[in-house]
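Every number in this text was worked out from the coordinates using simple rules, so none of it is lab data. The shown structure was predicted, so the numbers you read here are calculated from the model rather than taken from an experiment. Ideal geometry is used to build each Cβ from the backbone, glycine not excepted, and the neighbour counts take in all protein chains shown.
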Amino acid sequence: MPLDQLETILGGGPAPVSRFYFSQRLRLHYLDWGNEGAPTMLLVHGWRDHCHNWDWLASRLRKDWHILAPDLRGHGDSEWQTEGSYPRHVYTYDLAQLIHQQKMSPVTIIAHSNGANLSLRYAGTYPETVQKIVAIEGLGTNPVARKREDKGIVERMHEWIEGRRNLSRRAERRFASIDEAFIRMKEANKSFSEERAWHLTLHGVTRNEDGTYSWKFDPYLRSWAPYDMPRAEVMELWGRITCPTLLIGGAKSGRPDPRADGSAALFRNPRVEMIEGAGHWAHHDQFETVLGQITDFLKTP
């Protein structure tokens, strides 16, 4: 990425510092955006993403907050599970450890997709530690996931076992150049601008010994566990969240409006914003609109 583009993203401030912490023997990475002494904020990315998804948002909020943006285990510059298993309760533990070790409580959390799912579970488990929370596309599942959840346990177990076997035989995808990886990024995320796609690609690949490039996330993340916390228990945790909660959805994502399906009513203090012209990555598709909603929410008592 040209230096002037990077400086634009960072808003003229210093680059964030890479730091590490340990959780269940894994060395996990996070970006520290500085401004210690300010209120703490945690930015949590989604499935198969990385901490640099938040660079634009963090650069705009860093003057008022001490921001930490972790790479979830198996993602970015964090270590991978040896057995390639990534249940959601383990991720929730990792968040709890980072907040505990860095003394972030009371913390404000902004999270996307699976990261929002995990963060809401954390907030329901330890409601006294969370000041405010923003969940972007973090409630409903997409049509493919809903179809999987409707299957019986035997069918899900069979699919999981066969999927793992296929992954063990599958060669990790390699790109001859970063430009080739960028093309793939654009194909998979057609709504991303050239600048965003390039930035996310640059930070989302690692160079292999033979000079090729691969995505940083563990390929075993493509395999979904055959079971998770029952949805009734997830909703029970939502009902325990006492802090103001902003639920942001992309109107074009295909996921339900939380007001229409009853999800929003499960929260004690919810606010819902559906972003027109945005898909699942609402904070990329309509950045200024989402930033405005978040900024207004953070200022509201």
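With +1 on the Cβ of every Lys and Arg and -1 on the Cβ of every Asp and Glu, and nothing else charged, how large is the dipole of the stretch 120-231 about its Cα centre, in debye rounded to the nearest 20?
Result for the stretch 120-231 is approximately 280 debye, rounded to the nearest 20.
Just check the stretch 165-257 against the gyration tensor rule for me: Cα atoms, a ≥ b ≥ c as the square roots of the eigenvalues, rounded for a/c under 1.5, and otherwise prolate or oblate depending on whether a/b exceeds b/c.
oblate
For a 30 Å ceiling on Cα separation, which of these pairs sit above it: Lys252/Lys299; Lys190/Lys216; Lys216/Lys252; Lys63/Lys190; Lys103/Lys151; Lys63/Lys252?
Cα-Cα > 30 Å for Lys63/Lys190; Lys103/Lys151; Lys63/Lys252; rest within.
Could you compute Rg(Cα) / (2.2 N^0.38 Å) for the stretch 28-176, with N its residue count?
1.16
Looking only at the chain, where both bridge partners belong to it, what percent of the DSSP beta bridges are antiparallel (to the nearest 5)?
35
Which value in nm describes the separation of the simple spin-label points at Ser214 and Asp296, placed 7 Å from the Cα toward the beta carbon?
Once both label points are built, they end up 4.5 nm from each other.
DSSP loop (so not H, G, I, E, B), at most 16 other Cβ within 10 Å: list which trypsin sites (Lys or Arg not before Pro) in the stretch 52-97 pass both filters.
Answer in residue order: Lys63.
Applying a 10 Å radius around every beta-carbon, put 109-121, 156-168, 246-258 in order of their mean neighbour count, most first.
Result, highest mean first: 109-121, 246-258, 156-168.
Run lengths n ≥ 4 of DSSP H only: what is the helix-derived mean residue ellipticity at 222 nm for the chain, with -39500 (n - 2.57) per run over all residues, to the nearest 500?
Mean residue ellipticity, 222 nm, calculated: -11000 deg cm²/dmol.
Between the alpha-carbon centers of the stretch 8-72 and the stretch 202-247, tell me the distance in whole angstrom.
Using only Cα atoms to place each centre, the spacing works out to 17 Å.
Which one, Thr82, Thr245, Thr206, has the greatest fluctuation when you compute a Gaussian network model over the chain with C-alpha springs under 10 angstrom?
Taking springs between Cα atoms under 10 Å, the residue moving most is Thr82.
Where in the stretch 89-122 does the amide nitrogen come within less than 13 Å of the point 7 Å from the Cα of Asn269, taken along Cα to Cβ?
Residues passing the 13 Å test: 107-109.
Gly84: net charge of surrounding residues, Cβ under 14 Å, Lys/Arg +1, Asp/Glu -1, itself excluded?
For residues surrounding Gly84, the net value is +3.
Between Asp179 and Glu276, what's the calculated FRET efficiency when r is the beta-carbon distance and R0 is 35 Å? Round to 0.05.
About 0.60, to the nearest 0.05.
What does the convex hull of the Cα atoms of the chain come to per residue, in Å³, rounded to a whole number?
Each residue corresponds to 134 Å³ of Cα convex hull volume.
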